[in-house]
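Notes follow the structure.
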Amino acid sequence: MKYLTADLQGDDYGMNVLSGYELCYNLLKPILECMRDKQTTVVQLCTRVSDVLRPTTSKLGGNASLHKVLERISSLKSCLTEVRVWFSRTGKLTLETILPFVKQLLKGSYTSRLRYHTAGEGFMLSYGLSDSNEGGIQGKRTLTALQVEDLIRAVRIFAGDGIDADKSQKIGDFIQIYAVAKRVHTYRLELEHQGHLDYQGDIKELCLNESGLDLEYFVMEERRLKSTLAEWAQQRIQQAYERSLRLLHLDQRQLSMLMLVLSKIQKEHS
């Protein structure tokens, strides 16, 4: 609890995990004390648990039932793999600790957000359930590119020649998918920079379906974007300049914004 408290301060997900563990600890404490003190009766035990549970259910909304409290505690199980990876200070972080978390991430999706989006440029990996529970513990979680790279470095340290083929395949897929997905994001940024109308401030979830991360999808998406960039650079911008030489005074960003405005005007009057 001490190292969790130190590391999870200021992080919404982390604080929800921490509060869940505190809830679990407080409810188990009377039972543990009863196991040590063999003279405690069942009535005394129930009284102690009730005393702990009453303010807890009040904090969760007043009408929260014991079932809801226990449901929140049970949801902590899904967080254990991530907690072990990010908050291990024991020096016992191993491939066996990391691999369950990698498997969980392979079921997620990358999101590419371009520079002119209102939230700014970003590349992140989302995973977890789509709907959050009351405690905010389960639900969509997001890792930044830097966090994913930290995890990949840890995986490479522990992934030696002694691991079996299945584990090696999952680790290899995770690392390779990240590399290709990052290139996809880079191509999208370049298309935005070059003034392509479809990529101005765009945000896109990079996934084929709900099955998770698929290497073939990212390879195909990279090829498509590379082709689109070449076509835009060689043909469309050249044609736009040829039609109106005055546009030579505009940079790529100004040109794309002008074309967007003209397209909207055309649609309104067509």
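FYI, it's all coordinate maths here, none of it is from the lab. These figures come from a predicted structure and were not determined experimentally. Cβ atoms come from the backbone with ideal geometry, glycine included; neighbour counts cover every protein chain shown.
Placing a label point 7 Å from the Cα of Gln254 along the Cα-to-Cβ direction, the residues of the range 186-205 with a backbone N closer than 15 Å are 195. Taking 0.36 nm per residue of separation and subtracting the Cα-Cα distance, full extension of the segment from Asp173 to Val219 would add 15.3 nm. The length gained on full extension between Val42 and Glu231, counted as 0.36 nm times the residue separation minus their Cα-Cα distance, comes to 60.3 nm.
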